[in-house]
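Q: Please see the structure below; I have some questions.
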Amino acid sequence: MICEILCVGTEILLGDIINTDAAFIARELASLGFASYHQSVVGDNPARLRAAIDEGLRRSDVLIITGGLGPTCDDITKIAAAEAFGRGMHTDLDVKRDLEEFFAKIGRPMTENNLQQAEVPDGATIFYNKWGTAPGIALDGEIDGKMKYAILLPGPPSECEPMFVECAEPYLRKFSPHTIYSLNLHLYGIGESGAEAILRPMMEEAVNPTIAPYACEHEVRIRVTAFADTLDEAKVLCRQTADKIYETDVAPYIYTETDTPDDAKNAVVLAMIAELRKHGMTFASAESCTAGMIAARVGDIAGASDVLLGGIVSYANSVKENVLGVPADVLRDYGAVSEQCAGYMAEGARRVTGADIAVSVTGIAGPGGGTPEKPVGTVCFGIADKRGTETFTVHFNGKNDRSKIRRLTVARAMMTVIRRLGT
């Protein structure tokens, strides 16, 4: 069965918001075993929206539409979808009651236009919204002699994502021919072309599972994807292929595995936390150019308080000296961006917090501040534990992209901890 994604909203076309709904739904559809060949965005124009819905239903079996279900005059998705299926509209009394109870609970008067959200197409399946006010909707019917399906979901990701998982996914599962499972192998220290060159013979022979490399900002991800009748069977197929990859020359670069999008996105911090827990160790950071991003990434992970003791943001030299104990003559003779300073910063973070291991970063994130000796992208790292202190310098080619250099610095700092604990 072929699915298509249509996102509605002029604000998306104008770039005012980033369309994360399509990426999320595409991943979920792949995990359900559905093919997806098209994604579209259309603005809040009735004629263009109706044309986009008609085209999507012509190309695909299932059209998933996000956005345009709210209470304002530009929320026109339900009417356009109802027209495409030849349906009228009516007020759903249960949705109306939910709206009234919601506004009573938050102590705000419900304006008349909110009742628009209770208007639904005749014969629709209603997905009640536990995360907001606009309900989701499923429609089905024959169009040009073929059964077609449309699923309408709210646009805000905080509503769209959980509603897809809890409502749309169970609705779609009855159409899924098989299960797809993906296992991600995360590599650090090798480029996509290098990994692909090693794995090309396996990739060319692979049918099920398939093997595909993906270049991410700070790493390479090898995705192994299997199709099977059951999830357990797909997992076995992926495991067998992954084990063969571990027998190749990419094995030294693999630092962790993940099998969900959220874990893949947070792979490096999850791997660092896992290593810290494995060794029963606590962690702290001392950060200059990243201004607390390392500690924040760890703190973003639920339950990380068992390993994270604290972090010191030491932008000013006075903080480096007075809090972390960096000697004044080190700052004078070598500068704040130096391995000598980074070493004292790591030791100071460990001393101040009592952590078993601490990492430090101090660098030039740009876009200004660089010199011929220390160009933008120069970052000095320090790591300290009971075995002593090590320092090193990396020159990131961030093309003067301050945000990118800082993100690359965070990833490298975490990889430094992972590798230190692994030796």
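Q: Modelled with pLDDT of 95 or more, polar (S, T, N, Q) and over 23 Å from Ala47 (Cβ atoms) - does that describe any residue in the range 115-129?
A: Yes: the range 115-129 contains one or more residues that are modelled with pLDDT of 95 or more, polar (S, T, N, Q) and over 23 Å from Ala47 (Cβ atoms).
Q: Now for a separate question. Output the residue which, of all residues in the range 293-335 that are part of a strand (DSSP E or B) and small (Gly, Ala, Ser), is surrounded by the fewest Cβ atoms within 10 Å (Cβ to Cβ).
A: We begin by selecting, within the range 293-335, every residue part of a strand (DSSP E or B); these are 308-313.
When the remaining residues are screened for being small (Gly, Ala, Ser), the result is 310-311.
On the way: Gly310: 16, Gly311: 25.
Here the residue is Gly310.
Q: One residue is enough: does the range 177-192 have a residue meeting the conditions touching a Phe, Trp or Tyr at 6+ places or on another chain (Cβ under 7 Å) and under 18 Å from Leu29 (Cβ atoms)?
A: Checked against the condition, which is being touching a Phe, Trp or Tyr at 6+ places or on another chain (Cβ under 7 Å) and under 18 Å from Leu29 (Cβ atoms), the range 177-192 yields at least one hit.
Q: In the range 119-237, which helices (runs of 4 or more DSSP H) lie fully inside it and hold 2 or more residues that are crowded, with 18+ Cβ neighbours inside 10 Å? Talk me through it step by step, then tell me what you get.
A: On the way: elements: 157-163, 169-173, 192-205.
Of the helices (runs of 4 or more DSSP H) lying wholly inside the range 119-237, those with at least 2 residues that are crowded, with 18+ Cβ neighbours inside 10 Å span 157-163, 192-205.
Q: A further question on this structure: Tell me, please, whether a residue that is more than 30 Å from Gly366 (Cα to Cα) and of a type in the set (Asp, Glu) can be found in the range 287-296. First the steps, then the outcome.
A: First, the residues of the range 287-296 that are more than 30 Å from Gly366 (Cα to Cα): none.
Looking for residues that are more than 30 Å from Gly366 (Cα to Cα) and of a type in the set (Asp, Glu), one finds none in the range 287-296, hence no.
Q: Tally up the residues in the range 84-112 that are closer than 30 Å to Gly145 by Cβ and either touching a residue at least 40 places away in the same chain (Cβ under 8 Å) or buried (at least 17 other Cβ atoms within 10 Å of the Cβ) (or both), please. Give the derivation first.
A: Narrowing the range 84-112 to residues closer than 30 Å to Gly145 by Cβ: 84-90, 92.
Still in the list and also either touching a residue at least 40 places away in the same chain (Cβ under 8 Å) or buried (at least 17 other Cβ atoms within 10 Å of the Cβ) (or both): 84-87, 92.
Residues meeting the conditions: 5.
Q: Give Asn19, Asn45 a once-over and let me know the one that is under 31 Å from the mean Cα position of the chain (by Cα) and either within 28 Å of Pro261 (Cα to Cα) or among the β-branched types (Val, Ile, Thr) (or both).
A: Numbers: Asn45 fails: either within 28 Å of Pro261 (Cα to Cα) or among the β-branched types (Val, Ile, Thr) (or both).
Answer to the selection: Asn19.
Q: Can you tell me which of Val224, Val268, Val165 is closer than 18 Å to Val417 by Cα and either within 21 Å of the chain's Cα centre (by Cα) or in the same structural domain as Arg406 (by TED's automatic domain parsing) (or both)?
A: Numbers: Val224 fails: closer than 18 Å to Val417 by Cα; Val165 fails: closer than 18 Å to Val417 by Cα.
From the options Val224, Val268, Val165, the qualifying one is Val268.
Q: Something else about it: Checking the conditions here, which among Val330, Val379 is over 32 Å from the mean Cα position of the chain (by Cα) and in the same structural domain as Leu276 (by TED's automatic domain parsing)?
A: Values: Val379 fails: over 32 Å from the mean Cα position of the chain (by Cα).
Step by step, each of Val330, Val379 is checked, and only Val330 is over 32 Å from the mean Cα position of the chain (by Cα) and in the same structural domain as Leu276 (by TED's automatic domain parsing).
Q: Moving to a separate point now. Taking the options Val313, Val352, Val323, name whichever one is in contact (Cβ under 8 Å) with a residue 40 or more places away in the chain and farther than 18 Å from Thr378 by Cβ.
A: Numbers: Val313 fails: in contact (Cβ under 8 Å) with a residue 40 or more places away in the chain; Val323 fails: in contact (Cβ under 8 Å) with a residue 40 or more places away in the chain.
Matching residue, one of Val313, Val352, Val323: Val352.
Q: Can I ask one more? Among the residues of the range 363-374 satisfying the criterion of being on the phi < 0 side of the Ramachandran plot and more than 31 Å from the chain's Cα centre (by Cα), which is surrounded by the fewest Cβ atoms within 10 Å (Cβ to Cβ)?
A: Going residue by residue through the range 363-374, those that are on the phi < 0 side of the Ramachandran plot are 363-365, 367-368, 370-374.
Subsequent filtering for residues that are more than 31 Å from the chain's Cα centre (by Cα) retains 370-374.
On the way: Gly370: 16, Thr371: 11, Pro372: 5, Glu373: 8, Lys374: 18.
Across the range 363-374, the extreme among qualifying residues is Pro372.
Q: Ok, one more. What is the one condition in (1) assigned to a helix (DSSP H, G or I); (2) among the hydroxyl-bearing types (Ser, Thr, Tyr); (3) touching a Gly at 6+ places or on another chain (Cβ under 9 Å); (4) surrounded by fewer than 18 Cβ atoms within 10 Å (Cβ to Cβ) that Tyr344 does not satisfy?
A: So Tyr344 meets the others, but not (4).
Q: Could you list, ordered by first residue, the pairs with Cβ atoms under 9 Å in which the first is in the range 29-51 and more than 23 Å from Phe164 (Cβ to Cβ) and the second is hydroxyl-bearing (Ser, Thr, Tyr) and assigned to a helix (DSSP H, G or I), at least 6 apart or interchain?
A: Filtered contacts from the range 29-51: Asn45/Thr10.
Q: Those residues that are without any contact (Cβ under 8 Å) to a residue 12 or more places away in the chain and crowded, with 23+ Cβ neighbours inside 10 Å, I need them from the range 256-285; list them, please.
A: Hits for the range 256-285: nothing passes.
Q: A further question on this structure: State which residue pairs qualify: first residue closer than 12 Å to Pro156 by Cα and inside the range 1-24, second residue among the aliphatic types (A, V, I, L, M) and part of a helix (DSSP H, G or I) in any location, beta carbons under 8 Å apart, and separation of 6 or more residues or different chains.
A: Short answer, once both residue conditions are applied: Cys7/Ala22; Val8/Leu49; Asn19/Ile12.
Q: Considering each of Ser403, Ser338, Ser360 in turn, give the residue that is surrounded by fewer than 18 Cβ atoms within 10 Å (Cβ to Cβ) and either in contact (Cβ under 8 Å) with a residue 12 or more places away in the chain or under 18 Å from Gly292 (Cβ atoms) (or both).
A: Working: Ser338 fails: surrounded by fewer than 18 Cβ atoms within 10 Å (Cβ to Cβ); Ser360 fails: surrounded by fewer than 18 Cβ atoms within 10 Å (Cβ to Cβ).
Among Ser403, Ser338, Ser360, only Ser403 is surrounded by fewer than 18 Cβ atoms within 10 Å (Cβ to Cβ) and either in contact (Cβ under 8 Å) with a residue 12 or more places away in the chain or under 18 Å from Gly292 (Cβ atoms) (or both).
Q: Which members of the range 19-48 meet the condition of being of a type in the set (A, V, I, L, M) and either in contact with a Ser or Thr (Cβ under 7 Å, 6 or more places away or on another chain) or farther than 22 Å from Cys73 by Cα (or both)? If you could, list the steps in order and put the result at the bottom.
A: First, the residues of the range 19-48 that are of a type in the set (A, V, I, L, M): 22-23, 25-26, 29-30, 32, 35, 41-42, 47.
Across the range 19-48, the qualifying residues are Ala22, Ala23, Ile25, Ala26, Leu29, Ala30, Leu32, Ala35.
Q: Determine whether Arg58 is free of Cβ contacts under 8 Å to residues at least 60 places away in the same chain, out of contact with any Ser or Thr (no Cβ under 7 Å at 6 or more places or on another chain) and either exposed (fewer than 14 other Cβ atoms within 10 Å of the Cβ) or in a helix (DSSP H, G or I) (or both). Please lay out each step first, then the result.
A: Details: free of Cβ contacts under 8 Å to residues at least 60 places away in the same chain: no; out of contact with any Ser or Thr (no Cβ under 7 Å at 6 or more places or on another chain): yes; either exposed (fewer than 14 other Cβ atoms within 10 Å of the Cβ) or in a helix (DSSP H, G or I) (or both): yes.
So Arg58 does not fit the description; no.
Q: Also, quick follow-up: Could you look through the range 8-55, keep only residues that are among the aliphatic types (A, V, I, L, M) and in contact with a Cys (Cβ under 6 Å, 6 or more places away or on another chain), and pick out the one that is surrounded by the fewest Cβ atoms within 10 Å (Cβ to Cβ)? Give the steps one after another, and end with the answer.
A: Taking the range 8-55 as the starting set, the residues that turn out to be among the aliphatic types (A, V, I, L, M) are 8, 12-14, 17-18, 22-23, 25-26, 29-30, 32, 35, 41-42, 47, 49, 51-53.
Narrowing the set further to residues that are in contact with a Cys (Cβ under 6 Å, 6 or more places away or on another chain) leaves 22, 29, 41.
Values: Ala22: 19, Leu29: 25, Val41: 17.
If we take residues in the range 8-55 being among the aliphatic types (A, V, I, L, M) and in contact with a Cys (Cβ under 6 Å, 6 or more places away or on another chain), then Val41 is surrounded by the fewest Cβ atoms within 10 Å (Cβ to Cβ).
Q: For the range 61-108, which residues satisfy the criterion of being over 23 Å from Ile2 (Cβ atoms), among the β-branched types (Val, Ile, Thr) and assigned to a helix (DSSP H, G or I)?
A: Matches in the range 61-108: Ile79, Val95, Ile106.
Q: Taking the range 18-35 as the region of interest, how many residues are outside any helix (DSSP H, G or I) and among the aliphatic types (A, V, I, L, M)?
A: The initial filter retains those residues of the range 18-35 that are outside any helix (DSSP H, G or I), namely 18-19, 33-35.
Cutting the leftovers down to among the aliphatic types (A, V, I, L, M) gives us 18, 35.
Final tally of qualifying residues: 2.
Q: For the range 186-202, name all the residues that are touching a Ser or Thr at 6+ places or on another chain (Cβ under 8 Å) and among the aliphatic types (A, V, I, L, M). Spell out how you get there, then give the answer.
A: Of the range 186-202, the ones touching a Ser or Thr at 6+ places or on another chain (Cβ under 8 Å) are 186, 198-199, 202.
Passing the criteria: Ile198, Leu199, Met202.
The values are calculated or read from the model by the stated rules, or taken from the named source; none is laboratory data. Just so we're clear, the structure is a prediction, and the values are computed from it rather than from any experiment. When we count neighbours, we look across all protein chains shown, and the Cβ atoms used for this are built from the backbone with ideal geometry, even at glycine.
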